[in-house]
Amino acid sequence: MTELGPVAWPPAPIKTERLVLREPDARDRAAFIELLASPEVHTYLGGPRPRDELEREMPEVPERWPGSFVVNLDGAMIGQILLRRASADHRPAAVGKADLGYLFLPQAWGFGYAAEACGAALDWFDGVLPGEPVVLATQTANVGSMRLAAKLGFTEVERFQAWGAEQWLGLRSPVTPSD
């Protein structure tokens, strides 16, 4: 994955009805470790990373780079939204396009936070890079992620086998500014 390109970063925090999307900071370290070590979160992502390894390797301030948003609810991190350029090691239909990814702690599942946060991140993206398409990949077995992709306006480009499971690649057509 590569950075988005000429985007002013970090943007002002993005506020939705219930959430704030912002740049990571030191208070998020424990939540990042929990997110990356969670077996539930990583069911469709190849499995969790070992907690002791994360404790050793995670910097005091989690990595900051354009397109990485912490999702905050009532002052606490509940997830992460990622928008990055898909690199050459991705499916040909995805290469060079912005790729949307998201991870949420299990206690935040089922409340619509992912749809709210991803929708806000996509609105921000449409404002800073109008006319750019966005892709999203997920395992077809991940029913929640498939539902979210449809809700966000992604349509199927292809299905393919990777990592021992059927994968789904969707495209969200570019939103063009109105005249």
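The values are calculated or read from the model by the stated rules, or taken from the named source; none is laboratory data. Everything numeric here is computed off the predicted structure, so don't read it as measured data. Here the Cβ is made from the backbone with ideal geometry for all residues, glycine too, and neighbour counts use every protein chain on show.
Among the residues of the range 146-167, those that are under 25 Å from Lys15 (Cβ atoms) and surrounded by 14 or more Cβ atoms within 10 Å (Cβ to Cβ) comprise Leu148, Ala149, Leu152, Gly153, Phe154. Here the range 74-93 is the region considered, the condition is being of a type in the set (A, V, I, L, M) and surrounded by fewer than 19 Cβ atoms within 10 Å (Cβ to Cβ), and the residue that is nearest to Leu105 (Cα to Cα) is Ala76.
Considering the range 40-57, and only residues there that are in a loop (DSSP other than H, G, I, E, B) and modelled with pLDDT of 90 or more, the residue that is surrounded by the most Cβ atoms within 10 Å (Cβ to Cβ) turns out to be Val41.
Ala117: under 20 Å from Val41 (Cβ atoms), of a type in the set (A, V, I, L, M, F, W, C) and out of contact with any Gly (no Cβ under 8 Å at 6 or more places or on another chain), yes or no? So Ala117 does not fit the description; no. Condition check for Leu19 on (1) exposed (fewer than 14 other Cβ atoms within 10 Å of the Cβ); (2) within 17 Å of the chain's Cα centre (by Cα); (3) hydrophobic (A, V, I, L, M, F, W, C): one failure, at (1).
The range 61-179 holds strands (runs of 3 or more DSSP E) entirely within its bounds, and those carrying 2 or more residues that are closer than 20 Å to Pro24 by Cα and hydrophobic (A, V, I, L, M, F, W, C) map to 68-73, 76-85, 98-104.
Okay, residues lined up against (1) in contact (Cβ under 8 Å) with a residue 12 or more places away in the chain; (2) surrounded by fewer than 20 Cβ atoms within 10 Å (Cβ to Cβ); (3) not aromatic (Phe, Trp, Tyr):
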site	(1), (2), (3)
Phe104	yes, no, no
Glu116	yes, yes, yes
Leu136	yes, no, yes
Ala141	yes, yes, yes
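The set of residues in the range 128-166 being under 23 Å from Gly112 (Cα atoms), of a type outside the set (A, V, I, L, M, F, W, C) and more than 16 Å from the chain's Cα centre (by Cα) consists of Thr140, Thr155, Glu156.
Checked against (1) in contact with a strand residue (DSSP E or B) (Cβ under 6 Å, 6 or more places away or on another chain); (2) among the acidic types (Asp, Glu); (3) farther than 18 Å from Gly75 by Cβ, Asp28 passes all but a single condition, namely (3).
Counting the residues of the range 3-22 that are part of a loop (DSSP other than H, G, I, E, B), among the charged types (D, E, K, R) and in contact with a strand residue (DSSP E or B) (Cβ under 7 Å, 6 or more places away or on another chain) gives 2. Just one of the listed residues (Ala12, Ala37) is surrounded by 14 or more Cβ atoms within 10 Å (Cβ to Cβ) and either at pLDDT below 95 or not charged (D, E, K, R) (or both), namely Ala37.
Whenever a residue of the range 42-61 is under 28 Å from Gly164 (Cβ atoms), its partners that are assigned to a loop (DSSP other than H, G, I, E, B) and among the polar types (S, T, N, Q), lying with C-beta atoms within less than 8 angstrom and at least six residues away or across chains, give the pairs Thr43/Asn142; Tyr44/Asn142; Pro48/Ser38.
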